[in-house]
Number of protein chains: 2
Amino acid sequence: MRATTSPDLLALDRAAQDLLFRAARTANTFTDEPVTDAQVAAIHDLIRYGPTAYNGQPLRVLLLRSAAARARLLPHLSSSNRAKTASAPLVAVLAADVDFHERLPELYPHRPQARDWLADRATRVEQARFSATLQIGYLLVGVRAAGLAAGPMAGFDAAGVTREFFPDGRHEALLVMNVGRPGSGSWQDRLPRLPTEDVVQTL
Amino acid sequence: MRATTSPDLLALDRAAQDLLFRAARTANTFTDEPVTDAQVAAIHDLIRYGPTAYNGQPLRVLLLRSAAARARLLPHLSSSNRAKTASAPLVAVLAADVDFHERLPELYPHRPQARDWLADRATRVEQARFSATLQIGYLLVGVRAAGLAAGPMAGFDAAGVTREFFPDGRHEALLVMNVGRPGSGSWQDRLPRLPTEDVVQTL
């Protein structure tokens with residue numbers, strides 16, 4: 001699809017568009033300013049309204065605030081991600097709760113049988129990963145809505161982080177994300193984005 | 001984590017918080033008002049700035065505008081999703097391009113070897129699904145940013161939709177989403193959301 005576009009076709013004002021997407025960037029360095037529990041709670045209180053399959057809300061967030069907890073994470077990161085993670089104001093491990101279905105009678109009360117549809121663990125893992133990843137998308141937007149920068153990192157050993165921080169076997173680590181105010185030299189020029197005609201097709 | 005929260009801790013103004021999350025709802029009925037290609041392009045132009053692993057941007061969007069295309073979709077939906085999809089102004093199939101790595105030399109030019117890290121198809125499928133799902137999270141926010149309602153549907157046969165619309169073998173359907181202005185009786189009361197103390201833990 002090739003179409004003329006305009007930010008003015010959006011109901012969201014331009015300042016908010018910039019805050020959340022156009023001017024927001026993945027941060028690689030941070031200032032020392034702390035990210036408080038109250039900020040984290042305000043972000044979660046916003047993004048928890050984002051939709052998930054069966055309203056299952058499988059995302060779980062583990063904040064690594066202690067030096068000991070952070071030290072346990074660093075060996076599981078690619079070497080290029082260690083220094084920035086060691087110095088970020090806040091580091092969060094984002095995981096899916098594979099047993100999210102246990103709460104469906106409460107979260108999806110009009111179809112209590114949904115819990116039984118997810119009795120098979122492999123089905124549940126796939127659903128948990130999908131909805132929790134959607135929620136990570138909302139969370140990234142929410143971090144930016146708080147005026148903070150997110151530093152999501154693909155380069156880490158997910159199985160290792162799962163074993164290290166979720167030995168219960170009911171969670172799967174999906175992403176490690178740094179959060180804070182961007183520091184000096186926090187990013188290079190923005191990388192290219194695909195044009196709409198390469199992404200959107202019409203039948 | 002249990003913490004006092006306040007929407008005022010966010011930089012995003014309250015009207016935008018409502019538009020994107022607090023007042024926004026998954027729509028089940030729609031008005032007849034069309035969703036134009038220009039609106040779709042404006043939404044994509046906003047959300048394409050959201051981050052993805054290796055800047056790979058694997059999300060692909062197939063708009064089913066013709067009656068014939070929509071008729072091909074309906075048999076793959078759960079029965080409860082058919083009527084609303086038949087009458088929605090716009091129906092989009094959201095898919096991951098499993099061969100997104102082919103464009104990494106252009107999209108991730110400072111590490112052209114990233115394409116070779118993804119030579120293994122199974123690794124690539126996992127990466128494509130993860131980043132495209134993140135992008136679906138951004139897209140849902142973008143639909144709302146356009147003043148429209150999204151109707152994402154978990155109840156569909158993903159393998160069937162993939163075979164029907166992506167016989168090339170390089171795409172995987174992840175979600176079907178209706179888009180439009182909400183019609184009368186578009187939703188019931190909002191389902192409960194998990195409190196922050198059940199989602200966020202601290203180490």
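The values are calculated or read from the model by the stated rules, or taken from the named source; none is laboratory data. This structure is a prediction, so every number in the text was calculated from the model and none was measured. All Cβ positions, glycine included, derive from the backbone under ideal geometry; neighbour counts span all protein chains shown. Only protein heavy atoms, including side chains, enter the accessible area calculation; ligands, DNA and RNA are left aside. Shrake-Rupley method; radii C 1.70, N 1.55, O 1.52, S 1.80 Å.
I need to check one value: relative contact order of the stretch B:36-176, counting alpha carbon pairs closer than 8 Å and at least 6 residues apart, in percent.
35
Can you list, shortest first and in nm, the gaps between the label point of A:ALA23 and those of its counterparts in the other copies, using a point 7 Å from Cα in the C-beta direction?
In nanometres, ordered from closest: 2.4.
Which value results when the Cα radius of gyration for the stretch A:125-203 is divided by 2.2 N^0.38 Å?
Relative to the rule-of-thumb radius for its length, the stretch A:125-203 sits at 1.40.
Under a Cβ-Cβ cut-off of 13 Å, what is the net charge of the residues other than A:ASP97 that fall near it, where Lys and Arg count +1 and Asp and Glu count -1?
Local net charge: +1.
Taking a probe of 1.4 angstrom, what is the accessible area of A:GLU172 in Å², to the nearest 10?
A:GLU172 has an accessible surface of roughly 40 Å² with all protein chains in place.
Any idea what the A:ASP157 label distances to the other copies are, label 7 Å down the Cα→Cβ vector, nm, shortest first?
Here the equivalent label points are 4.2 nm apart from this one.
I'd like to know which of B:ALA114, B:SER66, B:LEU12 lies farthest towards the positive end of the charge dipole of chain B, counting +1 on Cβ of Lys and Arg and -1 on Cβ of Asp and Glu.
B:SER66
Do any chymotrypsin sites (Phe, Trp or Tyr not before Pro) in the stretch A:143-203 lie in a loop, going by DSSP, with at most 15 other beta-carbon atoms within 10 Å of their beta carbon, and if so which?
Loop-located and lightly packed - A:TRP187.
7 Å along Cα→Cβ for the label point: how many nanometres lie between A:THR202 and each equivalent label in the other copies, listed shortest first?
Once sorted, the set of distances for A:THR202 reads 5.1 nm.
Please give me the summed charge of the neighbours of A:GLY151: other residues whose Cβ is under 10 Å from its Cβ, Lys and Arg +1, Asp and Glu -1.
Once all neighbours under 10 Å are counted, the net charge is +2.
I want the local charge near A:ILE47. Using Cβ-Cβ distances under 13 Å, sum +1 for each Lys or Arg and -1 for each Asp or Glu among the other residues.
Net charge in that neighbourhood comes out at +4.
Within 10 Å of each candidate Cβ there may be at most 12 other Cβ atoms; applying that plus a DSSP loop requirement, which trypsin sites (Lys or Arg not before Pro) in the stretch B:1-105 survive?
B:ARG2
About its Cα centre, what dipole magnitude does chain A give when the only charges are +1 on Lys and Arg Cβ and -1 on Asp and Glu Cβ, stated in debye to the nearest 20?
In debye, rounded to 20, chain A gives about 280.
Averaged over its residues, how many other protein chain Cβ atoms are within 10 Å of peptide A:140-147's Cβ atoms?
Neighbouring Cβ atoms belonging to other protein chains average 6 per residue here.
Near the axis that takes chain B to chain A, which B residue has its beta carbon closest, and at how many Å?
Rotation axis B onto A, closest Cβ, rounded to whole Å: B:GLY137, 1.
Which whole number gives the average, over all residues in A:29-41, of C-beta atoms from other chains lying within 10 Å of the residue C-beta?
That works out to 3 on average.
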